[in-house]
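To start, the structure itself, in structure tokens.
The values are calculated or read from the model by the stated rules, or taken from the named source; none is laboratory data. None of the values given here were measured: they were computed from a predicted structure. Cβ: placed from backbone, ideal geometry, glycine included. Neighbour counts: every protein chain shown. For accessibility, only protein heavy atoms count, side chains too; no ligands or nucleic acids. Shrake-Rupley method; radii C 1.70, N 1.55, O 1.52, S 1.80 Å.
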Amino acid sequence: MTLFRNIAMIVAPAAALLALAGCATPFRADVARFQQMPVPQGQSFTVVADDPALSGSLEFAQYADLVAARLIQDGYVRSADPSAADLIIRLDYGVDDGREKVRSTGYGYDPFWGPGRGWYGGYWRRPYIYGFYDPFLFGPGYNDIESYTIYSSSLTMKIDHAGDNKRLFEGTAKAQSLSNKLTYLVPNLVEAMFTNFPGQSGETVRISVAPEKP
């Protein structure tokens, strides 16, 4: 019995992690926007890095193209001559170093607990996320500790009128996820930013972006 219990204690957490990794969940972001955007009438625009350190970056250029494609869909025109653009789009993004979370999952045994007090065959159940429990495998008081890292990412976008530097739009999209890869985060943040763009001024909304198909 001890052998079965040891095997189960090794296999069950691993299987649970594999199941978690295989789940496709929507990307959710909180988007706040303030805007006085003009009606699209073919105004030209250029996309620049709000952080000078990103200027000239090939990675930034890729994300700038994503923003430009959404603006073109909305009726704006990307300027062939950035210095002659009507609108200046200032873009910035980033992800933090993450913070670790620890959660306890499992079960314990209390023979004094009975019906109406959380009793289940003599076992009371602690909160858990996934997995199964068999008292003959795990034994009384089985407990598992789960550790994972949560990353906070954000994307900010500002739009100024080139002629008088009047601010027309300020937007921020923030999200928390298990990934710190900008190649995954930034496209999703851009998608969230442009959902129902330019949005209602002063409103913060939760945007869910459908997961990519495997």
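Round to the nearest 10 and report in Å² the accessible area of residue 59, as given by a 1.4 Å probe over the protein chains' heavy atoms.
Only protein atoms counted, so the area is about 80 Å².
Could you give the length gained on full extension between residue 150 and residue 102, defined as 0.36 nm per residue of separation minus the Cα-Cα distance, in nm?
16.2 nm
May I ask you to compute the full-extension gain from residue 28 to residue 62, defined as 0.36 nm times their residue separation minus their alpha-carbon distance, rounded to one decimal in nm? Walk me through the numbers on the way to the answer.
On the way: separation 34, 0.36 × 34 = 12.24 nm, distance 2.19 nm.
Taking 0.36 nm per residue and subtracting the Cα distance, the gain is 10.1 nm.
Computed over the Cα atoms, what is the radius of gyration of segment 144-214 divided by 2.2 N^0.38 Å, N being its residue count? Could the numbers behind the result be given before it?
Numbers: Rg = 15.5 Å, N = 71, 2.2 N^0.38 = 11.1 Å.
After normalising by residue count via 2.2 N^0.38 Å, the value is 1.40.
How charged is the neighbourhood of residue 195? Take every other residue with its Cβ under 11 Å from the Cβ of residue 195, and add Lys/Arg as +1 and Asp/Glu as -1. Let's see the in-between values first.
On the way: positive: 33, 70, 206; negative: 191.
Overall, the nearby charge balance is +2.
Can you give me the solvent accessible area of residue 183 with a 1.4 Å probe, rounded to the nearest 10 Å²?
Accessible area of residue 183: about 90 Å².
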